[in-house]
Amino acid sequence: MIRVVLCDDHAILRRGIRDTLVEAADICVTGEAAGYAELRELLRTAECDVLLLDLNMPGRNGLEVLGSVRETHPHIKVLIVSMYPEDQYALRCLRAGAQGYANKAGDPMLLMEAVRTVVQGRKFLTSEVAQMLADSLAQPAPELPHATLSERELQTLVKIASGRRLSEIAEELMLSPKTVSVYRARVLEKLKLSNNAELTVYAIRNQLV
């Protein structure tokens, strides 16, 4: 039996994923967490072979949690499940140590295939991600400016471009407004932009939102 833990701050989405996975005779969900603090406590007791991890959560973001899990529980295979577009985030997640990346908007049955694939120690790649990986190996593309952003800076960029105010971003990420302002300033500097409107245009042009 493959033992799976879910980590996503949206209860309805967790339920949908759980209901999909429990249809498989060889998969069981042994625990659920809504954030990193809950996940850390849960992994002390729950049996887990595969962790399905959302990227966008309050407090520490998904890639930060991925790094922590790999350090404290190296035997657990981490499968990123996110609404973020594959062409912008999948390769970043794989390079950070995830065993696979699945889009929440994709075929739910792919989750079963993904769980079975990563528990065997193999990478789970959709055909789109596999093609992107092949293209990047054959002819590395010029690095885009946002590739230099840290995970928190990229997260701030995406949220600003999605119409969030700094106070809302601070609340969602469990950070102080001052800290979010610092991230925004760093993003503007690195991308050589002047204001939120330009950030939004940049994000749309580069398909970050």
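Every number here is computed from the coordinates shown, using simple stated rules; none is lab data. What you are looking at is a predicted structure, and each value in this text was computed from that prediction instead of being measured.
Here are some notes:
- Angle between the chain longest axis and helix 86-95 axis [Cα atoms, degrees, rounded to 10]: 70
- The sum of -39500 (n - 2.57) across all DSSP H runs of n ≥ 4, divided by the residue count of the chain, sets its helix-only mean residue ellipticity at 222 nm to -15000 deg cm²/dmol.
- Database remark: amide H of ALA102 closer than 5 angstrom to the amide H of ILE80, VAL81, SER82 (H placed geometrically; neighbours at sequence offset of 5 or more, or on other chains; Pro and chain starts carry no H).
- All aspartates and glutamates inside 13 Å of LYS77 as judged from Cα atoms, apart from same-chain residues fewer than 8 positions distant: GLU47, ASP49
- Helix 127-138 vs. the chain, principal-axis angle (Cα, 0 to 90°, nearest 10): 60
- Helix axis angle, 11-21 relative to the chain longest principal axis, alpha carbon, degrees: 40
- Sequence-distant residues sharing a close amide H with ARG165 (under 5 Å, placed H): none
- 26 Å Cα-Cα reach of LYS159 towards lysines, excluding residues that sit fewer than 8 places from it in its own chain: LYS104, LYS178, LYS190, LYS192
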